[in-house]
Amino acid sequence: MYVLNKKAFGLALFSVIVWGSAFAAIRASLLGGYSPGHLVLFRFLIASSIFIIYALWPGTSFRLPRKEDIGKILLLGWIGISVYQLGITFGEETVSASTAGMMIASAPIFTALIAIFALKERLSAFGWVGLLVGMLGTFLIMLGSGEMSFAGSKGIVYILIAVLATSAFFVYQKPLFQRYRPIELTAYFTWAGTLPFFIFFPGLVEGIQAASFEANMSAIYVGIFPAAIAYVAWATALSLSDAGVVTSVMYVEPVFAIIVASLWLHEVPGILSLIGATIAIGSVVIVNWVGKKEPPVLHGPAEN
């Protein structure tokens, strides 16, 4: 079992901070005139273009996927990128940025459970306590937000689907790190996940022109940082440590989602949300520093 070393933790934390800011940016773009379909397509056209430039850049030694892996890469790209991003973007039509970030923080629970069966990963008793503490923290954040009444809305359903999709994606991509570098896998998944978004292409140019300046800048930001750079950093962290342990860092994502949403969109959290955020951070400490059950066995990303 991997130990979440400083490099993996730092990369995972960077990704979570950037992703935490993405919820407010997505919400700002939707409020500024974008339709969910146009927004998700525009963002991932940007992200896909970044990876195309990288792949064609001299000296990068970028490799194409093996024929036997193409089907799995396509499926994972559709689950981890297409389904997840559609769930988040359509969900935020009716769900606030901070609440969306809080809900996504429940992903480590599902990731850990899937990893137990799919990858034979194990947590100690303290690790399970950490996961339960994280659930409690997330619940308190949502309770403090005053949006628990959203339970029956379409937005909540969309985001719950996104939670399940990203949990499965984080686990099932892990074996591919034996054959590919993290940036290669992230590029493959991004390209695969972008393909279904072309269904929203009609009217895209007009939609971009009609959107506000803030909405366009937010969409560009999300396309470059959360959709591209943060995914590479996260994939690298996953290649260095257990899927269940790395994704426990996502418990602190609501903290950054709340901070950015408060400053940008004026979504001020209540005292319960702040208590829940503190508990969520504590759960990461429990899982990462107390919850290890076995010594590390390195299975890093593929070499050039």
Could you please give the count of residues in the stretch 31-40 that are assigned to a helix (DSSP H, G or I) and either surrounded by fewer than 23 Cβ atoms within 10 Å (Cβ to Cβ) or among the charged types (D, E, K, R) (or both)? 3
Taking helices (runs of 4 or more DSSP H) that do not extend beyond the stretch 198-279, which have at least 2 residues that are within 20 Å of Val83 (Cα to Cα), small (Gly, Ala, Ser) and in contact with a Ser or Thr (Cβ under 8 Å, 6 or more places away or on another chain)? 230-240
Out of Gly276, Gly223, sole residue that is of a type in the set (Gly, Ala, Ser) and within 24 Å of Leu30 (Cβ to Cβ): Gly223
Among the residues listed as Leu31, Leu113, Leu76, Leu41, the single one being under 18 Å from Val232 (Cβ atoms) and among the aliphatic types (A, V, I, L, M): Leu76
Conditions: (1) modelled with pLDDT of 90 or more; (2) in contact with a Ser or Thr (Cβ under 6 Å, 6 or more places away or on another chain); (3) of a type outside the set (D, E, K, R); (4) part of a helix (DSSP H, G or I). Ile17 meets all but one. Number of the miss? (2)
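Could you check, for the stretch 11-24, whether at least one of its residues is within 17 Å of the chain's Cα centre (by Cα), of a type outside the set (Lys, Arg) and more than 27 Å from Val171 (Cβ to Cβ)?
yes
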So if I check each of Val260, Val246, Val252, Val232, which one is under 19 Å from Trp191 (Cβ atoms) and not charged (D, E, K, R)? Val232
Kindly indicate whether Gly207 is surrounded by 18 or more Cβ atoms within 10 Å (Cβ to Cβ), farther than 24 Å from Lys7 by Cα, of a type outside the set (A, V, I, L, M, F, W, C) and under 17 Å from the mean Cα position of the chain (by Cα). no
Can you pull out the residues in the stretch 247-277 that are within 12 Å of the chain's Cα centre (by Cα) and among the aliphatic types (A, V, I, L, M)? Val249, Met250
Got at least one residue in the stretch 44-63 being buried (at least 22 other Cβ atoms within 10 Å of the Cβ), in contact (Cβ under 8 Å) with a residue 40 or more places away in the chain and within 15 Å of the chain's Cα centre (by Cα)? yes
Could you go through the stretch 96-111 and let me know if any residue there is β-branched (Val, Ile, Thr) and either surrounded by fewer than 16 Cβ atoms within 10 Å (Cβ to Cβ) or more than 24 Å from Gly276 (Cα to Cα) (or both). no
Could you list, in sequence order, the residues of the stretch 70-95 that are outside any helix (DSSP H, G or I) and surrounded by fewer than 23 Cβ atoms within 10 Å (Cβ to Cβ)? Glu93, Thr94
Out of all the residues in the stretch 49-69, which are in contact with a Phe, Trp or Tyr (Cβ under 9 Å, 6 or more places away or on another chain) and in a helix (DSSP H, G or I)? Phe51, Ile52, Tyr54, Ala55, Leu56, Asp69
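Output the residues belonging to the stretch 159-193 that are among the hydroxyl-bearing types (Ser, Thr, Tyr), in a helix (DSSP H, G or I) and under 20 Å from Phe51 (Cβ atoms).
Thr166, Thr186, Tyr188, Thr190
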If I go through the stretch 177-196 residue by residue, how many of them are of a type in the set (A, V, I, L, M, F, W, C) and surrounded by 24 or more Cβ atoms within 10 Å (Cβ to Cβ)? 3
Contacts under 8 angstrom Cβ, first residue in the stretch 8-22 being farther than 12 Å from Val260 by Cβ, partner surrounded by fewer than 19 Cβ atoms within 10 Å (Cβ to Cβ), 6 or more apart: none
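The values are calculated or read from the model by the stated rules, or taken from the named source; none is laboratory data. Just so it is clear, the model here is predicted, and its values are computed rather than measured. FYI the Cβ positions are ideal-geometry reconstructions off the backbone, even for glycines, and counts take in every protein chain you see.
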